Amino acid sequence: MILEIKKYPDPILRKKCQPIKEVNEEIRKLAEEMLKVMYAHQGMGLAASQVGELKRLIVIDIGEGPEVYFDPQIIKKQGEIVFEEGCLSLPEVFLEIKRAAQVKVAALNKKGEKIVVKAQGLRAITLQHEIDHLNGILILDRKNPFIRLRDLIFIFFQNLFRKKQLLT
Ligand code: ZN
């Protein structure tokens, strides 16, 4: 299985992911492959929709080892933090995003057991970014309409340039 990262404006990035009914060998394998792709691109997190799988699965590594969450759900948010975020689906775009500084996330682990994780700082930011992906939300959507328009225009021209490069 070779996974490819879906890039904006691929419509799959806008779709909502479906709950995982059962944590089985197949979905664990997908998580392993996602971690490989994430590391290959020096990412800190990856959601299944970013590799074209509409399943509620995210993987992260904020420098403390791999973490896999099935059906993650934010059950509590507290405080505020602003951080410049990038996204593997939006290459070369970095946006300052305001998020909750602390979150409590309920999920299933690799054994299918219910877990609750309390996260802050980078882990909290990454979890919120990846859970947004499961709901079809990108960092662009977290900005006000004016900034969003500016970034969309930037991405449009960037894509034009990229196509030109490919043609020549
Ligand atoms: Zn992302």
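Every number here is computed from the coordinates shown, using simple stated rules; none is lab data. Nothing here was measured: the structure is a model prediction, and the numbers come from that model. Cβ: placed from backbone, ideal geometry, glycine included. Neighbour counts: every protein chain shown.
What the table below lists for this structure:
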item	result
Theoretical ellipticity at 222 nm over the chain - DSSP helices of four or more residues, -39500 (n - 2.57) apiece, nearest 500	-10500 deg cm²/dmol
Förster-model FRET efficiency, 25 Å R0, Lys118 and Val82, C-beta, rounded to 0.05	0.75
Crossing angle, helix 145-167 versus the chain [Cα axis fit, 0-90 degrees, rounded to tens]	70 degrees
Stretchable slack from Ile2 to Lys15, in nm (0.36 nm times residue separation minus alpha-carbon distance)	2.5 nm
Two-site FRET efficiency, Asn24 against Glu64, from Cβ-Cβ distance with R₀ of 22 Å, rounded to 0.05	0.25
Value in Å of the Kirkwood radius, where region 11-143 supplies the Cα pairs that are averaged	14.7 Å
Top of Glu64, Glu32, Glu92 by mean-square fluctuation, Gaussian network on the chain, Cα under 10 Å	Glu64
Local net charge near Gly136, Cβ-Cβ under 11 Å (Lys/Arg +1, Asp/Glu -1)	+1
Cβ crowding within 10 Å averaged over residues, with 7-17, 75-85 ranked highest first	7-17, 75-85
Separation between Cα centres of region 102-129 and region 15-34, rounded to whole Å	16 Å
Cross-link reach list, aspartates and glutamates versus Lys143, counting only Cα pairs under 14 Å and skipping chain neighbours closer than eight places	Glu84, Glu85, Glu96, Asp132, Asp151
Extension gain from Glu92 to Gln158, taking 0.36 nm per residue of separation minus the Cα-Cα distance	22.8 nm
Global geometry of region 1-64, whether rounded, prolate or oblate, following the gyration tensor of its Cα atoms and the 1.5 cut on a/c	oblate
